Amino acid sequence: MMKSQFKKAFIFDLDGVIVDTAKFHFLAWKNLAESLEVSFSEEENEQLKGVSRINSLQKILEWGNKSISEDKFNSLMAQKNEEYLAFVDRMSPEDILPGVLETLTYLKENNYPIALGSASKNARHILTKVGLTSYFDHIVDGNEVSKAKPDPEVFLKGCELLGVEPEQAIVFEDSQAGIKAANTAHMLSVGIGDKAVLSEADFNFEGFTELTEDTLKTLTNFKK
């Protein structure tokens with residue numbers, strides 16, 4: 001029997017989309033870069049959004065033309081994560097970005113499949129801290145994938161778990177790498193944040209407060 005309607009599913013990035021942990025990453029990476037005498041600004045930080053911890057540190061080393069031992073590399077990654085987690089441990093539901101809870105509630109009440117697709121290895125911990133775990137049918141994070149965005153592995157894994165084809169997925173992202181990953185997999189890409197930075201997205205919104213029920217219906221009816 002054919003399905004009566006074209007089923008759509010939603011996949012959310014975490015950092016900078018659901019919660020504002022981007023500022024924590026920036027502070028931790030900036031401190032690490034400065035310890036290596038590497039200049040680090042908002043511009044460099046933008047290039048690390050959606051990128052794994054390993055690849056982020058490699059980028060910082062490349063920018064500073066630095067070379068360190070494997071032990072030092074691993075030590076710096078652990079140091080960055082400890083500093084980041086110190087910020088995370090103080091998070092609460094108040095850290096959920098405006099409009100996100102309303103959007104998740106609407107999707108849940110209308111039985112849309114929802115997954116998280118994040119490079120963060122701390123995703124589950126963060127969702128627990130802000131009280132959003134129950135909204136997601138599946139969580140795919142940095143512990144379960146080997147390829148970082150812009151490779152679409154994390155989103156493809158989300159589709160597989162949700163039981164939908166990539167063309168049926170609507171992805172919310174705040175990074176260039178994430179938008180490229182969604183587009184590469186032929187998913188509908190929705191940029192959350194600076195429209196100039198996320199110009200490759202199919203749709204752009206400054207934040208979830210711009211997403212009304214009518215807007216969400218438009219997204220579910222849109223075909224690339």
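The values are calculated or read from the model by the stated rules, or taken from the named source; none is laboratory data. Here the structure is a predicted model, which is why all the values come from computation and not from measurement. Positions of Cβ are generated from backbone atoms using ideal geometry, with glycine treated the same way; all protein chains shown enter the neighbour counts. Surface areas here come from the heavy atoms of the whole protein model, side chains and all, with no ligands, DNA or RNA. Shrake-Rupley method; radii C 1.70, N 1.55, O 1.52, S 1.80 Å.
Can you go through P93, P98 and tell me which one is out of contact with any strand residue (DSSP E or B) (no Cβ under 7 Å at 6 or more places or on another chain), in contact (Cβ under 8 Å) with a residue 40 or more places away in the chain and at negative phi?
Details: P93 fails: in contact (Cβ under 8 Å) with a residue 40 or more places away in the chain.
After ruling out the rest, the residue left standing is P98.
So which residues in segment 182-194 are part of a helix (DSSP H, G or I) and open to solvent by less than 10 Å² (accessible area, probe 1.4 Å), if there are any at all? Result: A182, single match. Within segment 196-210, the set of residues being modelled with pLDDT under 95 and surrounded by 12 or more Cβ atoms within 10 Å (Cβ to Cβ) comprises just one member, V197. Among residues of segment 150-176 that are on the phi > 0 side of the Ramachandran plot, those with a Cβ under 8 angstrom from a residue that is open to solvent by 10 Å² or more (accessible area, probe 1.4 Å) and at pLDDT 95 or above, sequence gap 6+ or separate chain, pair up as G163/P113. Those helices (runs of 4 or more DSSP H) of segment 21-123 in which 3 or more residues are of a type outside the set (D, E, K, R) and open to solvent by less than 40 Å² (accessible area, probe 1.4 Å) occupy 22-35, 53-63, 70-88, 100-109.
Within segment 133-181, the residues that satisfy the criterion of being in a loop (DSSP other than H, G, I, E, B), within 15 Å of the chain's Cα centre (by Cα) and under 20 Å from F208 (Cβ atoms) are F136, D174, S175. The residue pairs whose first member lies in segment 112-133 and is free of Cβ contacts under 8 Å to residues at least 60 places away in the same chain, whose second member is open to solvent by less than 20 Å² (accessible area, probe 1.4 Å) and part of a loop (DSSP other than H, G, I, E, B), and whose beta carbons are closer than 7 Å, counting only pairs six or more residues apart or on different chains, are R124/D141; K129/M91.
Quick one: count up the residues across segment 134-147 that are in contact with a Leu (Cβ under 8 Å, 6 or more places away or on another chain) and exposed (fewer than 15 other Cβ atoms within 10 Å of the Cβ).
Qualifying residue count, segment 134-147: 0.
Filtered by the rule that a residue be in a helix (DSSP H, G or I), of a type in the set (S, T, N, Q) and without any contact (Cβ under 8 Å) to a residue 40 or more places away in the chain, segment 195-224 gives T215, T218, N221.
List every residue pair whose Cβ atoms lie under 8 Å apart, where the two residues are 6 or more positions apart in sequence or sit on different chains, the first residue falls within segment 22-42 and is over 21 Å from E173 (Cα atoms) and in contact (Cβ under 8 Å) with a residue 24 or more places away in the chain, and the second residue, located anywhere, is open to solvent by 80 Å² or more (accessible area, probe 1.4 Å) and among the small types (G, A, S). Listed pairs, sorted by first residue: A33/S39.
Of all the residues in segment 50-78, those that are over 17 Å from F40 (Cα atoms) and basic (K, R) number 1.
When you scan segment 154-167, do you find a residue that is surrounded by 18 or more Cβ atoms within 10 Å (Cβ to Cβ), in contact with a Leu (Cβ under 6 Å, 6 or more places away or on another chain), under 26 Å from K217 (Cβ atoms) and not small (G, A, S), even just one? No.
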